[in-house]
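Participant: Sending over a structure as structure tokens; questions will come in a sec.
The values are calculated or read from the model by the stated rules, or taken from the named source; none is laboratory data. Predicted model, so just to flag it, every value in this text is computed and none were measured. What goes into the accessible areas is simple: the full protein's heavy atoms, side chains included, and nothing from ligands, DNA or RNA. Shrake-Rupley method; radii C 1.70, N 1.55, O 1.52, S 1.80 Å.
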Amino acid sequence: MTEEAILRDKLRKIEALFAGAATPGERAAAGAAAQRIRARLRESEQHEKPIEFRFRLPDPWSRQLFIALAKRYGMRVYRLRRMHRQNVVVKAPRSFVQTVLWPEFQEINAALVEYLAAITDKVIREEVYGEAADAEEVPQSAARRAR
């Protein structure tokens, strides 16, 4: 199984977890999982008033993921005039954001970051230099002599 296939499988399992899938058959139905989550959002909106949530997502991949996830559930994602690009706003019931949207985003984002880091390391090792290590840490006095 390729790294991409492993990531896709992991994302489907995360989505099934947040959709409340009870059986293996339900977990396999990724499309149905999104439908169940949209239904939970509509149900939450009947019991609570949607409020505005602002999220600061400086990483462009995380921001793109968050926007796609919110839109997938039928939410409008926007930025107020003069807001920094890293900020996004959604209007939703607090319970939905706290129990579904934000936790699911964190799980998927962690998987995505792990995948992107592995791919980056692989490309650097294979195409740029044999290792993808961080910079060496030296005492300040040694750093001054190196100048």
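Participant: Could you give me the ³J(HN,Hα) list for region 95-103, computed from phi with Karplus coefficients 6.51, -1.76, 1.60 and θ = phi - 60°, whole Hz, x at Gly and Pro?
Facilitator: 4, 5, 5, 6, 9, 10, 4, 5, x
Participant: What does the convex hull of the Cα atoms come to per residue for region 49-133, in Å³?
Facilitator: With only Cα atoms used, region 49-133 gives 107 Å³ per residue.
Participant: When all protein chains stay in place, what accessible area (Å², nearest 10, 1.4 Å probe) is found for Val77?
Facilitator: Counting only protein heavy atoms, the figure is 30 Å².
Participant: Also: Rounded to whole Hz and in sequence order, give me ³J(HN,Hα) for region 108-120 from the Karplus expression 6.51 cos²θ - 1.76 cosθ + 1.60, θ = phi - 60°, writing x for Gly and Pro.
Facilitator: Calculated HN-Hα couplings, in order: 5, 4, 4, 5, 5, 4, 4, 5, 5, 5, 5, 5, 4 Hz.
Participant: Near the amide H of Asn87, under 5 Å away, which other amide H atoms are found, from residues 5 or more places off or on another chain, if H is placed in the peptide plane?
Facilitator: So Asn87 has HN proximity to Leu57.
Participant: Another one. Could you state how much accessible area Phe105 has, in square angstrom rounded to the nearest 10, with a 1.4 Å probe and all protein chains kept in place?
Facilitator: We get 10 Å² for Phe105.
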